[in-house]
1. What percent does the relative contact order of the range 190-322 come to when contacts are Cα pairs within less than 8 Å and at least six residues apart?
2. With only alpha-carbon atoms counted, please give the Rg and Dmax of the range 266-322, in Å.
3. What percent do you get for the relative contact order of the chain when only Cα pairs under 8 Å and 6+ apart count?
4. At a 1.4 Å probe, what is the % contribution of carbon and sulfur to the accessible area of the chain?
5. Viscosity 1.567 mPa s, temperature 4 °C: what is the translational diffusion coefficient of the chain from Stokes-Einstein with a Kirkwood Rh over Cα pairs, rounded to a whole number of µm²/s?
6. Rg/Rh for the range 154-197 to two decimals, with Rh computed the Kirkwood way over all alpha-carbon pairs.
7. For the range 172-214, report the convex hull volume of the alpha-carbon atoms normalised per residue, in Å³, without decimals.
8. Ordered by residue, what ³J(HN,Hα) values in Hz, to whole numbers, does the range 251-267 give under the Karplus form 6.51 cos²θ - 1.76 cosθ + 1.60, where θ = phi - 60° and Gly and Pro are x?
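The values are calculated or read from the model by the stated rules, or taken from the named source; none is laboratory data. All values reported here derive from a predicted model rather than from experimental measurement. Every residue, glycine as well, gets a Cβ built from its backbone with ideal geometry; the counts of neighbours run over all protein chains shown. Heads up: the accessible areas ignore ligands, DNA and RNA and are worked out on the full protein's heavy atoms, side chains in. Shrake-Rupley method; radii C 1.70, N 1.55, O 1.52, S 1.80 Å.
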Amino acid sequence: MDPGLHPNPAGASGSHDILYGVTCVSATDCWAVGESGASIIQHRTLALHWNGSSWTAVSTPNPGGSPGAWFLAGVSCTGASNCWTVGHHSRPHGDNVNMVLRWNGQSWSWVATPQPDKSTGGYIRQLNAIRCVSMADCWAVGSWASPPSQHQVRRTEAFRWTGTSWTSVSTPTVGWETGVACTAKANCWAVANSGTAVHWNGTRWSQVSTPHSASTFNTLLGVTCARATECWAAGVLNVSGAAGSAELTDMLQWTGTTWTRVATPNPGGTTESGDNSAINELDGVACGGPASCWTVGSYWDYTAQTRLSIALHWNGTTWSNG
């Protein structure tokens, strides 16, 4: 099988197969996770494994009963027999609950995780990203919200695996946490859809200033660290002007002291022209070293009337089309 191809378990016309997260232990051991189903509201967890020559679907549990929706958003491994994936699943009475699965080298199994606030009544919880420093040190981040009838407010959630159980750790309320990255037990970063970054120093999470202005606001969707003094956060920069607004690629760099914005190409253009405003987005970023990073996403091509992929490369000096 070509490396770019993967199974689509749902298979039929109108089916719903999407991958959201990927990680590699080695060139012959990678995992991709997401969801698969007959429709957008009836789908189950999806885990695919790469063995060096082909992708194969691997069975995953779907706790919570049927029918419903199960969703895996992120995956992280410390070795071939120790991987974690996170997401959420729905329950019949309308709640979404956090979900964590673990791979032991033979099979995926469900592991209990905290569920903030009340257990029923329309509460929405979802884990969006996970990062493991070791077998006994992992972080999972996401968000939870009360029901719309209770003046819904979305709050952050962060859970830590210490080798025996997942425990809740207090974080600043910064919106919907979308990514997490670590270089050591006492040095982790999480980013949020509010364009905010929070840092773990081994004792607590604290908010760290990121670039903002009156005419722009950004959404951060992914984060990675090449080393303690070089981290990258990717997302979308929304720009408003006299001609309208545009969605541009956004990339922030941590240099050890501050987050600064670094220029990135916008394949979908930069125009602010009403119905034809530019639409660009970066969703994930990863580094093989300080002078080699990749970020991926998508843009809208108005000529072709379709959404196309973006892949940009960092060579240590500039980001350019890959």
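1. Normalised by residue count, the contact order of the range 190-322 is 17 percent.
2. Here Rg and the maximum Cα pair distance are 12.9, 40 Å.
3. So the answer I get is 8 percent.
4. Within the chain, the accessible surface is 53 percent carbon and sulfur.
5. Diffusion coefficient, whole number: 63 µm²/s.
6. With Rg and the Kirkwood Rh in hand, the quotient comes to 0.98.
7. Here the figure is 66 Å³ per residue.
8. 9, 10, 10, 9, 9, x, 10, 8, 8, 10, 7, 10, 4, 9, x, 10, x
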